[in-house]
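Shown next, in structure tokens, is the structure this report addresses.
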Ligand code: BGC
């Protein structure tokens with residue numbers, strides 16, 4: 001029982017640019033631009049600098065003091081050894097920003113008045129920016145807040161692959177694609193750790209559903225594990241020097257992740273060279289000797305007296321009984337002392353002080369939100385809003401005023417600043433325009449769900465999907481008597497929540513009916529979704545000419561959304577996952593392999609997300625990588641630097657992007673690769689490079705994207721190693737996984 005809060009493409013004018021080799025004479029051609037990438041270097045892991053100090057400390061500790069460091073001694077810290085100057089390791093969630101201070105021994109808020117923080121956009125939002133530099137900004141900003149709150153570790157980023165659209169934590173995770181995932185996770189971790197605070201990358205690993213998460217045994221084949229579920233974790237170790245990792249709740253091939261020798265020792269430490277610490281998810285430990293020997297370092301958890309934890313009194317007893325050696329215990333203590341040193345928690349000279357909820361951090365949250373909003377449909381060019389002659393706008397929907405910093409079962413943020421969509425419009429619309437707000441639908445859950453809020457539910461909240469007659473009437477009146485209507489629909493963080501998965505893709509609370517009725521009385525209606533995961537928008541897509549997607553979008557979400565609607569910001573977000581037409585089109589559901597019971601076998605294998613839809617020729621509602629702009633872009637002069645490569649080469653591909661519309665804007669150039677006639681199973685395409693580029697209206701930019709040939713490797717289960725298959729590969733360049741404008745053939749030779 002925990003985390004309880006009061007219940008709260010302009011059609012893509014991408015013409016086949018390879019056919020269009022000449023550039024219009026009036027277009028000013030600039031030199032190749034540095035694309036938006038992130039080149040931040042990780043903090044080093046300097047074990048040798050502190051080795052003798054660490055050894056001295058250990059030699060002075062009693063068994064009890066050592067064991068005290070291996071388990072939670074309060075809700076978010078292990079035990080320190082004060083007499084030796086070893087501090088507690090202080091942790092804080094998480095993905096939405098630094099969580100409010102929690103009581104020492106239970107989940108209730110500590111009631112501090114100085115722990116108001118910046119609420120950052122949820123991870124899905126960051127992923128939709130497709131902007132690694134913003135991932136650094138996010139990590140760096142939240143890292144500063146962690147330091148201001150005297151924390152040593154941020155329990156973030158959460159980077160599990162989105163296997164099912166119904167996953168309760170979809171909003172908290174990045175994407176269905178391993179390449180996008182790692183490209184964002186690396187700068188994110190570097191950003192956090194640049195502030196003398198550890199990132200705790202979670203949840204290691206294959207924690208892709210909430211249903212039965214505490215018991216389910218995940219069975220996934222080795223190639224899929226390596227190619228889909230692990231790459232981002234691996235990259236945070238190898239390219240970002242992540243100082244810590246969180247062991248997941250579930251089992252993998254029979255063993256809990258927090259005592260999984262193969263995952264923790266063999267893969268993470270021996271193969272990848274991870275030198276940091278592994279912290280358990282809260283109450284995810286099930287054994288004493290096995291857990292420690294199989295690689296876990298700190299057991300964290302929920303209320304029971306801390307000395308009753310598996311790595312507390314029981315560990316002291318096991319050591320005294322000779323069931324585990326003190327050398328083994330020392331190994332884990334040493335790792336903890338090492339990471340405390342890395343972040344200057346032991347000798348704090350020159351340690352980053354940080355800052356909390358500053359204007360600069362709100363700006364960071366704004367920048368992420370502004371680039372995350374996705375224009376799904378803009379058939380009549382209704383957006384950006386034309387305000388000439390507009391006297392009144394109806395703002396309809398509970399989501400126009402709903403706050404999402406807190407909510408549901410899981411880590412949120414206590415903040416003084418959360419600009420709602422309604423407030424954003426009030427801030428940004430000219431004063432002469434009247435806003436008529438109508439709640440439209442009520443957020444209603446079935447009674448038994450409310451009763452069980454304190455329990456980990458197996459399925460998401462059941463909603464009452466009937467509209468309230470009075471609320472509906474108010475909404476229709478507002479719509480009828482306004483020039484424009486904007487409906488804010490979607491979900492919220494009570495509906496999408498940790499510890500339960502959704503039951504279906506339906507829009508909750510009768511919203512579909514509401515939207516249809518409002519459209520009937522005012523065809524000049526814009527539908528804005530605020531949600532963190534896919535929903536069934538089929539009917540709405542058909543009936544509404546304008547459809548915008550926003551997220552649980554942080555402290556400045558409402559301002560960013562208003563700026564997009566009014567055209568101050570040209571939308572540049574792209575879907576980080578596939579929006580299916582029907583749930584059974586999605587791989588885990590099509591293969592009837594979700595949620596399993598005692599175990600779940602990932603029968604779709606490698607074909608997660610768009611890999612499945614593309615390979616099986618299933619039309620999604622909206623494809624991975626999709627998102628429109630107020631302007632139009634054209635790609636041309638798509639050329640690789642060579643046509644033949646060896647596996648140690650780096651392929652470079654240049655793309656010229658012309659902004660052929662009236663608005664300045666950003667576009668994401670996406671490069672997918674396929675391998676015809678492969679000796680192993682392959683998805684029909686897989687993302688291998690992307691870059692986001694700003695191009696002024698009427699201007700042209702040339703970007704260069706690099707793909708190390710090694711990136712094309714598959715995991716060979718027989719040789720247990722990565723292998724680049726020789727032969728022909730096709731590079732597919734486009735601005736979504738389904739809008740490919742150019743195909744280039746290359747060959748990999750011996
Ligand atoms: C979640 C973690 C979180 C931890 C501490 C767990 O329930 O799975 O992501 O960091 O609680 O709040």
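The values are calculated or read from the model by the stated rules, or taken from the named source; none is laboratory data. Small disclaimer: the values here were computed from a predicted structure and weren't measured. All Cβ positions, glycine included, derive from the backbone under ideal geometry; neighbour counts span all protein chains shown.
Taking helices (runs of 4 or more DSSP H) that fall entirely within region 313-388, which contain at least 1 residues that are outside the structural domain of residue 554 (by TED's automatic domain parsing), surrounded by fewer than 21 Cβ atoms within 10 Å (Cβ to Cβ) and under 26 Å from the mean Cα position of the chain (by Cα)?
The qualifying helices (runs of 4 or more DSSP H) are 359-372.
Take the residues of region 694-723 that are assigned to a loop (DSSP other than H, G, I, E, B) and in contact with a strand residue (DSSP E or B) (Cβ under 6 Å, 6 or more places away or on another chain): which is farthest from residue 129 (Cα to Cα)?
Checking each candidate, the answer is 713.
Quick check on my filter: what residues within region 71-107 are at pLDDT 95 or above, assigned to a loop (DSSP other than H, G, I, E, B) and under 16 Å from residue 147 (Cβ atoms)?
Answer for region 71-107, where residues must be at pLDDT 95 or above, assigned to a loop (DSSP other than H, G, I, E, B) and under 16 Å from residue 147 (Cβ atoms): 76, 87, 88, 89, 97, 98, 99, 101.
Identify, from the list 554, 532, 567, the residue that is on the phi > 0 side of the Ramachandran plot and within 19 Å of the chain's Cα centre (by Cα).
554
Can you find a residue in region 350-362 that is over 25 Å from residue 184 (Cα atoms), away from the ligand (no atom under 16 Å from the Cβ) and touching a strand residue (DSSP E or B) at 6+ places or on another chain (Cβ under 7 Å)?
Taking every residue of region 350-362 in turn, none turns out to be over 25 Å from residue 184 (Cα atoms), away from the ligand (no atom under 16 Å from the Cβ) and touching a strand residue (DSSP E or B) at 6+ places or on another chain (Cβ under 7 Å).
Could you tell me how many of the residues in region 262-301 are over 23 Å from residue 243 (Cα atoms) and either within 15 Å of the ligand (Cβ to nearest atom) or not in a loop (DSSP other than H, G, I, E, B) (or both)?
Total meeting the criteria: 1.
On the basis of being within 16 Å of the ligand (Cβ to nearest atom) and outside any strand (DSSP E or B), does residue 233 make the cut?
Criteria met by residue 233.
Show the residue pairs meeting these rules: Cβ distance below 6 Å; 6+ apart or different chains; first residue within region 303-314 and over 10 Å from residue 285 (Cβ atoms); second residue buried (at least 17 other Cβ atoms within 10 Å of the Cβ).
As it stands, the answer is 306/72; 306/73; 307/313; 312/71; 314/288, since those pairs meet every condition given.
Can you name the number of the only condition in (1) outside any helix (DSSP H, G or I); (2) within 16 Å of the ligand (Cβ to nearest atom) that residue 258 fails?
Evaluating residue 258 over (1) outside any helix (DSSP H, G or I); (2) within 16 Å of the ligand (Cβ to nearest atom) leaves (1) as the failure.
All but one of (1) more than 15 Å from the ligand (Cβ to nearest atom); (2) in contact with a helix residue (DSSP H, G or I) (Cβ under 9 Å, 6 or more places away or on another chain); (3) assigned to a helix (DSSP H, G or I) hold for residue 166; which doesn't?
Every condition holds for residue 166 apart from (3).
Is it the case, given these coordinates, that residue 422 is at pLDDT 95 or above, at negative phi, in a loop (DSSP other than H, G, I, E, B) and outside the structural domain of residue 170 (by TED's automatic domain parsing)?
It is false that residue 422 is at pLDDT 95 or above, at negative phi, in a loop (DSSP other than H, G, I, E, B) and outside the structural domain of residue 170 (by TED's automatic domain parsing).
Would a scan of region 191-212 turn up a residue that is more than 16 Å from the ligand (Cβ to nearest atom) and closer than 23 Å to residue 498 by Cα? Spell out the reasoning first.
Initial filter on region 191-212 (more than 16 Å from the ligand (Cβ to nearest atom)): 191, 193-196.
With the extra rule that they be closer than 23 Å to residue 498 by Cα, the set shrinks to none.
Checking region 191-212: not a single residue is more than 16 Å from the ligand (Cβ to nearest atom) and closer than 23 Å to residue 498 by Cα.
Tell me, which residue of region 46-70 that is surrounded by 20 or more Cβ atoms within 10 Å (Cβ to Cβ) and in a loop (DSSP other than H, G, I, E, B) is farthest from the chain's Cα centre (by Cα)?
Per the criteria, the residue is 61.
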